[in-house]
Amino acid sequence: MIGFIILAAAMIAGAIGVVAFRQPVHAALSLVATLLALAVTYVTLQAHFLAVVQVIVYGGAIMVLFLFVIMLLNVEGQEPAPHMKWLPPVAYLTALLVAAGITITAFVDRAPLPGADRIAALQGGSAEQLGTVLFSHYVLAFQLVGVLLLTGIVGAVSLAQRGATTERKERQTEEAAGERELSHG
């Protein structure tokens, strides 16, 4: 139980770092730490396959994708825009309401922990058991996650193209102004 509390504290600290760091790369590295702490939690639950998948898929592939998007967009830590001063208080209030809702639900709806026979039926999160559950009970959710990832990639590429188009137009405007000065001079 003490190990779980330590891992939970590490995951919460990492999650806070994800939203608190101003630099996107620092936030992404904080997310990596959170994902690795979750993988260690899987190991403590004897779900070694899930721990390996967590590290390879999320800690590796997804984080490489996130860092690629951050570098593609050339995102820098910026102060909030002046026209959105209302956003931080609303975000804090929403986070407080969500935290209160989770806390109230956890204390009011005291569902018992699953029994040892139910945990043994999961076979430590083996690939066969995971695949059976994923592609029978959660096939729609699995497909929706794929669509969500695809949408994110398309959005990142369109933002990068829009930034490149804006820079190209600015450069053409500057070149045209320079040519006019040379022709009038």
Does Phe21 satisfy the criteria of being surrounded by 14 or more Cβ atoms within 10 Å (Cβ to Cβ), out of contact with any strand residue (DSSP E or B) (no Cβ under 8 Å at 6 or more places or on another chain) and more than 19 Å from Ala156 (Cβ to Cβ)? yes
* To do: Report yes if some residue within the range 38-56 is under 21 Å from Thr151 (Cα atoms), within 16 Å of the chain's Cα centre (by Cα) and either at pLDDT 85 or above or of a type in the set (A, V, I, L, M) (or both); otherwise report no.
  => no
Going through the range 99-126 in order, the residues found to be of a type outside the set (Ser, Thr, Tyr) and at pLDDT 75 or above are Ala99, Ala100, Gly101, Ile104, Phe107, Val108
Exactly one of Leu38, Leu65 is in contact (Cβ under 8 Å) with a residue 60 or more places away in the chain and either under 24 Å from Ile153 (Cβ atoms) or surrounded by fewer than 12 Cβ atoms within 10 Å (Cβ to Cβ) (or both), and that residue is Leu65
Checklist entry - Is the range 153-165 home to any residue that is surrounded by 10 or more Cβ atoms within 10 Å (Cβ to Cβ) and either over 18 Å from Ile70 (Cβ atoms) or in contact with a Pro (Cβ under 7 Å, 6 or more places away or on another chain) (or both)? => result yes
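The values are calculated or read from the model by the stated rules, or taken from the named source; none is laboratory data. Note that the structure is a prediction, hence the values are computed from the model and not measured. Glycine also receives a Cβ, built like all others from the backbone with ideal geometry; neighbour counts cover every protein chain displayed.
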